[in-house]
Amino acid sequence: MMEKQQYITLLSKSLGDRLTVHDAVAPNEVHMSLREQSLSTLPETCSLLIKSFKAQFTTLVGNDERSLNGSFSLYYVFSVPADDIFLILQVPVDPRHMEVPSISQNLASANWFEREVKDWFGIIAFPNIYKLAAHPDWPEDQHPMWKDFDPQAVVPRVKGTFEFKEVEGEGVFEIPVGPVHAGIIEPGHFRFSVAGEPIINLDVQLFYTHKGTEKIAEGLSPHRAVFLAERVSGDSSFGHALAFCHSMERLSGCDIPQRAIVIRTMLLELERLYNHIGDIGAILLDVGFSVGAATAFELKERFMQLNETLTGSRLLRGLAALGGVRRDPEATSLQRQALREMIVQGKRAFEDLVNLVMASSSVLDRLETTGTLSHTDAYRLGITGIAGRASGIDRDFRRDHPHGAYPHLRFRVVTHKEGDVFARMNVRIGEVRESLAMLEQLQHQHLGEQTLTSVVTIPPLRHALGYVEGWRGEIVHWVMTDNAGQLYRWKITDPSFHNWRALKVAVRNNIVPDFPVINKSFNLSYSGNDR
Amino acid sequence: MNNVFGVIVISSFQLLLVLASAPLISGIIKKTKARFQRRRGASVVQPYFDLAKLLRKEVVVSPVASWLFRITPYLVFASTLVIALLVPTVVTPVPLHWIGDIITVIYLFALGRFFVALVGLDTGSAFGGLGSSREMSVASIIEPAMMLAIFTAAVTAGSTNLSIIVARLSSTPVAMLNPAHLLAFSGLFIVTIAETGRVPVDNPATHLELTMIHEAMILEYSGRYLALIEWASQMKLVVFLALLSNMFFPVGIATTWSPWALLVGSAAFFCKIIVLAVIVAVVESTNAKLRLFRVPEFLMVAFILSFLALILFFIIGA
């Protein structure tokens, strides 16, 4: 176990010639700045960090700092799970040469991040120059995340068509699906190349639900931004709001009341529960096992009703606040009883559901070996959360970067090796059991009445990470304040942004009618990905 | 009453019976499935309202669709009606039994399928083609299994005429317990599931275009065209249930045209097909849909059951 100070000493000693190391406000962050003349060493430096500390690429943040220091900046964020440390490497980008070397040659997981930075900032990570977030009709010279870009302005569109990878050969067909789908799902365009039923290639075009969340947050007061965070991705309302709160609280260094920490952890697990159970139901529905699906959906509904009883919101909205939570969900005896009963009944009903599924050989036949994502691919692409853990990637921010009440809870990180749809369902099943056990443990922790403290001292021009392990995976927010302590730049990383690329790999060589269930087993957020 | 007038009356009666009861049977299946899912479910007469609504609604046709698209619903509906005239439901022999035997029935189904598969390709939608290709590959395995099952019954009765098969069997009830007979029944039951697009072969309730077989081909239909196609599918199910119940267990079927016999025959018919419909719903509720490439294996079971039935028949005789 290495402490933060040791990291600082070690890094400035060994890499001092190319970068400067500074301490950060947040307790487990090490900030570094790459010297301008060492820009060409960027890919090598990143690889070095990853190799020497077993670090994981977490996110990449672009920032327009021209009004502060005359240049743009990129922040490469790495997590070191072994020591609960985040390494943040700042790279200055000269506005006259909007180019940095790409790190995704060695680090495939950074690929989409670099492309998004190019679309929103015009900073090219050479040679990774392909468009991602901006659609082809978006003009190349418009950079929405520049501070002088007016979000209200109407941008004249240019001519452009989506370019998909064309597969040629006898009997190869393309099937276009979406962007509007049957059922209540968000928009995304899928282009399958098939030879008969087997899928040879899948191209995905997303970002139809880009809402400019990060842009409209500029200059917003942190207290109001909590509401915006709740709307990043509906199914992770609380997760995103909490991740944002964490970042602000880490900047201000305030102490959160113990009771609030317990409540936050409880709500995070409640969010995990209803989503996991709903996903299990959706997987069963997609293989045509309607009885199992109906059973799961009924149980999900009961958990959502519990959410409403406890918080007044089925999606757990309106509870998160800087400095704690707005209300105590266990304020009345009625609420305490509802929670206690649901833990017991939920556990029983859930085990019934699991037995029903495991007893159905026709269901297992559909799930096993379907949509396999190998450990190698999952590692290479930096797949996080349930999808990663189902492919044997033993990562969980609840254990690796403990937050909330998790350091005081006993729980197991559920992993499976197979990487197929069944493994992803089994990870969910295991996590539901762990969540219920955690809720039980949290029941006995009554640590005072205070649930909210005021967060007033937010230092200007500082940045910090805020993160939680949401139900889908790691949710990471990077926030920088302006002179007045309002938001200067807010980068939201939803686990879906990491994981969408896994889908493409997992469906290869599967047959077309299995695509819906493979897609559902990842259940990625369009909204969280597109923001 | 054995005259032209009688033929017209009894044939119309049989036609109306199938036409009118088809939505009800599909409603019963839906209701049973809903109950299994612990839902209250729509009323069993909901399919009537659905058809009425569709018949009133306007038709939207893709600009690239050809005349095939417009005639197919009528063709499918009409061919199913003809089948309904040939298959004994409440009375045997059916008055018009001489116009065609079991082979006619099989090929009338094939005719409808052929046109629906063409229409799947006709509209230029990617899903239609997907459905057509799947339907044709599944059909190529369904047909031999279906023929084998039906021929077992035909060999037993010494005729391919459905009415004669049913009449022979109802006069010798012991033959119903013949193991060959029971095996052939199981074979035809699997064929029924596949042919009418039910779980585990196809899922009539899904919204996922990529997984559909039958629904994918008719995805572009709307309004009265869709009503006709849906109604024809519902009648197809009734016809198959009639085949299953009367070709193998012709208990209670009327052999004369007297009103009393017809009444008893109708009651027996409805009891039998409702029981079968509930069994179909149970199968649908307790199974997940098969992986597409497992469907041939499932249908091979039907084929082998029917094949065994045929062998058994020759070994132990009728």
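Read the figures in this text as sums done on the coordinates, not as results from a lab. Computed from a predicted structure; not experimentally measured. Note that we place each Cβ from the backbone using ideal geometry, even for glycine, and neighbour counts take in every protein chain shown.
A few points about this structure:
- For chain A, the direction-averaged projected area of the alpha-carbon convex hull comes to 24.1 nm².
- Percentage, to the nearest whole number, of Cα pairs in the range A:4-126 over 25 Å apart: 18 percent
- Exposure proxy ranking, count of Cβ atoms within 10 Å, fewest first, for A:HIS246, A:HIS223: A:HIS223, A:HIS246
- Inter-part distance where the range B:138-179 and the range A:206-222 are each reduced to a Cα centre, Å: 69 Å
- Selected from B:SER233, B:SER133, B:SER12 as most flexible by GNM, with chain B as the system and alpha-carbon contacts under 10 Å: B:SER12
- Gyration tensor verdict on the range A:317-395 (Cα atoms; rounded if a/c is under 1.5, prolate if a/b is larger than b/c, oblate otherwise): oblate
- Kirkwood Rh, angstrom, the range A:374-498 [1 / mean 1/r, Cα pairs]: 16.6 Å
- Peptide-level mean, for B:204-216, of C-beta atoms on other protein chains within 10 Å: 5
- Ordered by the count of other Cβ atoms within 10 Å of each Cβ, fewest first, A:VAL427, A:VAL456 give A:VAL456, A:VAL427.
- Residues A:GLU418, A:GLU271, A:GLU214, A:GLU140, arranged from fewest to most other Cβ atoms within 10 angstrom of their Cβ, appear as A:GLU140, A:GLU418, A:GLU214, A:GLU271.
- Taken residue by residue and averaged, Cβ atoms of other chains lying within 10 Å of the Cβ of A:288-300 number 5.
- Shape analysis of the range A:214-277 places it in the oblate category; the axes a ≥ b ≥ c from the Cα gyration tensor give an a/c of at least 1.5, with a/b not above b/c.
- When both the range A:374-419 and the range A:28-84 are represented by their alpha-carbon centers, they are found 23 Å apart.
- When each of the peptides A:295-308, B:61-74, B:97-110 is scored by the mean number of other C-beta atoms lying within 10 Å of its residues, the order from highest to lowest reads A:295-308, B:97-110, B:61-74.
- Taking the average, over residues, of other Cβ atoms within 10 Å as the packing measure, peptides B:297-303, B:208-214 rank B:208-214, B:297-303 from highest down.
- Alpha-carbon centroids, the range B:92-123 and the range B:238-269: separation in whole Å: 22 Å
- Each semi-axis of the equivalent ellipsoid for the range B:15-112 is √(5λ) with λ an eigenvalue of the Cα gyration tensor; in descending order they amount to 27, 24, 12 Å.
- Test item: A:19-25 mean partner chain Cβ contacts at 10 Å: 0
- FRET E, pair B:ARG35, A:ALA153, Förster distance 56 Å, beta-carbon r, rounded to 0.05: 0.45
- Members of B:LYS30/B:LYS236; A:LYS300/A:LYS417; A:LYS491/A:LYS520 lying beyond 22 Å, as alpha-carbon distances in this model show: A:LYS300/A:LYS417; A:LYS491/A:LYS520
- Global geometry of the range B:4-316, whether rounded, prolate or oblate, following the gyration tensor of its Cα atoms and the 1.5 cut on a/c: prolate
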